[in-house]
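Read the structure below first, then the notes.
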Amino acid sequence: MKRNEEPTPEAQAEYERIGEEMASVGVARGKMFTSQALLLNGKAIACLMGSSMAFKLGRENLELERALSLDGAVLFDPSGMGRPFKDWAEVPQSGMEEWAGLAEAALAAKLAE
């Protein structure tokens, strides 16, 4: 997935919608790896990378496995250099209908730490 790609209007709108919904539980919008991110207590739980969204779901987690089973989903490699984070899943826009649920799962994983 391209690292410097601008999000499509649809991906941007869904990111914004999710951020607005999660604001009531303390999630704020900010930056991570120069990308737009959803943060809880200053720590990223999700970010918009081009027209994909990545979610920190935790290692060996059923939600991570579920996310990676989606068509086109991969372990999140923000550098694009073959060093993926083993607890993050990057889900393309084709799986956008799953983004809100994955954001909720990322929030739950962060709260459980």
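Taking chymotrypsin sites (Phe, Trp or Tyr not before Pro) in DSSP loop conformation with at most 16 other Cβ atoms inside 10 Å as exposed sites, the chain has its longest uninterrupted site-free stretch at 34-84. Taking the charge dipole of region 1-105 about its Cα centre, with +1 at Lys and Arg Cβ atoms and -1 at Asp and Glu Cβ atoms, the residue from Pro7, Gly95, Leu40 reaching farthest to the positive side is Leu40. Less than 5 angstrom separates the built amide H of Phe85 from those of Phe76, Asp77, all sequence-distant by 5 or more or on a different chain.
For region 13-84, which GluC sites (Glu not before Pro) are in a loop by DSSP, counting at most 10 other Cβ atoms within 10 Å? Write out the running numbers ahead of the final one.
Numbers: sites: Glu14, Glu16, Glu20, Glu21, Glu60, Glu63, Glu65; in loops: Glu60.
Sites meeting the loop and neighbour criteria: Glu60.
Net charge dipole, the chain: roughly 540 debye, given to the nearest 20, about the Cα centre with Cβ charges of +1 for Lys and Arg and -1 for Asp and Glu. Between Ala11, Ala23, Ala73, the residue with the greatest mean-square fluctuation in the GNM of the chain (Cα pairs under 10 Å linked by springs) is Ala23.
We did not get these values from a lab; they are worked out from the coordinates using the rules stated. Note that the structure is a prediction, hence the values are computed from the model and not measured. For neighbour counting, all protein chains shown are included, and Cβ atoms are generated from backbone atoms with ideal geometry for every residue, glycine included.
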